[in-house]
Amino acid sequence: MNDYNLIVIGAGPAGTAAAVRASQLGAKVLLIEKSSFGGTCLNWGCIPTKFLWEACNTVSKIKKSVSYAITAEMKEHSFALLIEKKNKNVELLSKGVRQLLASYNIELIEGSAAFSSAKTVEVKRSNGQTENYQAEKIIIAAGSVPSAIPGYQFDHIKFIDSTDALNLTELPKSLLVVGGGAIGVEFASIFSALGAQVHLVEKQNQLLPGEDSELAEEVKKGLLRQGIKVETGVSSFEEPAKTNDKILIATGRKSNTASLALEKTGVKYGPKGIEVNEFLETSVEGIFAAGDVDGRSFLAYTAHAEGVLAAENALGTKKAITYSTIPKAVFSVPPAASVGIVNGDKTEGMITGKFDLAANSRAFIEGERRGWVKITAEKSTGVITGGQILGAGAEELISIIALAVKQNISLHQMSREIFFHPSISEAIHSACEAALGKCVDLPRFKNRS
Ligand SMILES: Cc1cc2nc3c(=O)[nH]c(=O)nc-3n(C[C@H](O)[C@H](O)[C@H](O)COP(=O)(O)OP(=O)(O)OC[C@H]3O[C@@H](n4cnc5c(N)ncnc54)[C@H](O)[C@@H]3O)c2cc1C
């Protein structure tokens, strides 16, 4: 039996961040991973999807090159080669994660971890060998797995999940995407841009359920412009399932608790994940959970933040995360991002300001004029409560609004800031001015009075 200050189960964003922070704080750390270092995010999620999205974006840039008097020739591209390149990049990044962990002297074990008691973990190696490890504290960061729909089990050939979709070696002629959340929208957009005929169905009446309805509508329009068939409020997809080559079920993910033997610990968990308090401690003292496995967010950067926090709390502090100011983004065409309050323009006590990227000089230069920035603030105080961005770079710029929301910055303060010119971020400044009815870059009739 080997003793550690901390054992971390799972080397995704949550587990990796937890292990590094714990080591920085002087703990002796063991990290156990049963599959690939970097977890879902790096191997089967954020990174591979954005790699493919960037490939599609590059094609669109090549097509636009004529606007800059450049003649670029588009040769036939190979889907199989693109997937190979994606795999190489993922491999490189995964190696980088191992190197990062090794630089902190974190002990790494490849194998599947299961609890044998609240303080002991049994690791089963791929050769069947088992070993037991003991620690004062344990962080469960086992992530999540795709969830199926009742009546439609994954056969991983026709009915596929997001991991299967990222490992196809041949582009399907037609693809039915079931689920219009961020993952469904991204796959629909990518596969359509690569040449597949795509049909997207969503059960709710809008794409990106829960998101600002104006933003969701723009995302839908973007998909339609790409030539994707989009249907919302759909209760059955039996008919299109018969006619499409592949059916990608992207209706959500579930906490990955199956192989952990949690019953041996007393840790409470349910279909929504492992239950944790605000300090990410489970119902059993000394056992923490971070990332997708606690079912709170299903986002890599939240998982990362929770990993850091769980490690700090496991080693003595008591800190909590504010979830309401975490931004979200979807890589549609163009991308869309959001933070804080949604539908501010329809919410009592709020004022909004909007600025179109068509009037932003940098967007004009980049040939990316489709989009806008919408800012919402409290009418009485002017304190910024949320915002949405549609357009190139939305996922980068949304963090500026997130910071403003988190720090209770007001429209007045923001409109006194001086943003770099020419930049798309200026549109945030202009939207704040517009909310105050005094945007000097908008004609009088477009300013709120
Ligand atoms: C297609 C797709 C696209 C996405 N895009 C984005 C995006 O753009 N931005 C974003 O923020 N989020 C994105 N996500 C979500 C993001 O990937 C997850 O939120 C994030 O990976 C969660 O991190 P985690 O550390 O909690 O879990 P994971 O990344 O799932 O890592 C958990 C790790 O634990 C290991 N493990 C599980 N059980 C055991 C065990 N018993 N023993 C040992 N090891 C174990 C697993 O093998 C895995 O490596 C995407 C997800 C998908 C599927």
Check your understanding: Of the residues Pro150, Pro13, Pro209, which exhibits the maximal mean-square fluctuation in a Gaussian network model of the chain defined by a 10 Å Cα contact cut-off?
Key -> Pro150
Revision key, fill the gap. Checked region 134-222 with the C-alpha gyration tensor, a ≥ b ≥ c its square-rooted eigenvalues, rounded below a/c of 1.5, otherwise prolate if a/b is larger than b/c and oblate if not; verdict oblate
Check your understanding: What ranking, highest mean first, results for peptides 14-22, 269-277 when packing means the other Cβ atoms within 10 Å averaged over each residue?
Key -> 14-22, 269-277
Check your understanding: If each of Ser259 and Asn132 carries a label point 7 Å out from its Cα toward its Cβ, how far apart are those two points in nm?
Key -> 2.1 nm
Study note, to complete from the structure: Ranking Gln134, His77, Ile365 by how far each Cα lies towards the positive end of the charge dipole of the chain (+1 on Lys and Arg Cβ, -1 on Asp and Glu Cβ), the top one is Ile365
Practice item. Would you mind classifying region 121-174 by shape? Square roots of the alpha carbon gyration tensor eigenvalues, ordered a ≥ b ≥ c; an a/c under 1.5 is rounded, otherwise it is prolate if a/b is larger than b/c and oblate if not. Key: prolate
Point to revise | GNM result for the chain, Cα springs below 10 Å: residue of Gly143, Gly386, Gly151 fluctuating most strongly | key: Gly151
Point to revise | Under 16 Å from Lys254, Cα to Cα: aspartates and glutamates that are on another chain or at least 8 residues apart | key: Asp161, Glu275, Asp292, Asp294
Point to revise | Dipole magnitude (debye, nearest 20) for the chain, charges at Cβ of Lys, Arg, Asp, Glu | key: 660 debye
Revision key, fill the gap. With label points set 7 Å from each Cα along the Cα-to-Cβ direction at Lys229 and Arg444, the distance between them in nm comes to 5.1 nm
Point to revise | At most 12 other Cβ within 10 Å, DSSP loop - GluC sites (Glu not before Pro), region 124-175 | key: Glu170
Exercise for review: Over 24 Å between C-alpha atoms is what I'm after, so list which of Lys64/Lys203; Lys95/Lys319; Lys220/Lys272; Lys75/Lys173 land there.
Suggested key: Lys64/Lys203; Lys95/Lys319; Lys220/Lys272
Point to revise | Acute angle (nearest 10 degrees) that the helix 213-225 long axis makes with the longest principal axis of the chain, alpha-carbon atoms | key: 80 degrees
**Study point:** Simple label model, 7 Å out from Cα along Cβ direction - Leu81 to Glu348, nm
**Key:** 6.1 nm
Study note, to complete from the structure: Of Gly295, Gly387, Gly210, the most mobile residue in a GNM of the chain (C-alpha springs, cutoff 10 Å) is Gly210
Practice item. Take each of the peptides 284-292, 61-69, average the number of other beta-carbon atoms within 10 Å over its residues, and list them starting from the highest. Key: 284-292, 61-69
Check your understanding: What full-extension length gain, to one decimal in nm, is calculated for Glu275 and Thr322 as 0.36 nm per residue of separation minus the Cα-Cα distance?
Key -> 15.2 nm
Check your understanding: If the cut-off is 18 Å between C-alpha atoms, which lysines fall inside it for Lys124, apart from same-chain ones fewer than 8 positions away?
Key -> Lys34, Lys264
Review point. Taking the Cβ-Cβ separation of Arg416 and Lys221 as r and a Förster radius of 35 Å, what is the calculated FRET efficiency to the nearest 0.05?
Key: 0.50
Point to revise | Cα long-axis angle, helix 182-194 against the chain (0 to 90 degrees, to the nearest 10) | key: 70 degrees
Check your understanding: Between region 371-449 and region 109-150, what is the C-alpha centre distance in whole Å?
Key -> 46 Å
Check your understanding: Any idea what angle helix 300-314 forms with the longest principal axis of the chain, computed on alpha-carbon atoms, 0 to 90 degrees, nearest 10?
Key -> 40 degrees
Study note, to complete from the structure: For region 186-279 the mean separation of alpha carbon contacts under 8 Å (6+ apart) over residue count, i.e. relative contact order in percent, is 24 percent
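Each reported figure results from applying straightforward, stated rules to the coordinates on display, with no laboratory input. If you're wondering where the values come from, they're calculated on a predicted model, not measured in any experiment. Positions of Cβ are backbone-derived with ideal geometry, glycine not excepted, and every protein chain shown enters the neighbour counts.
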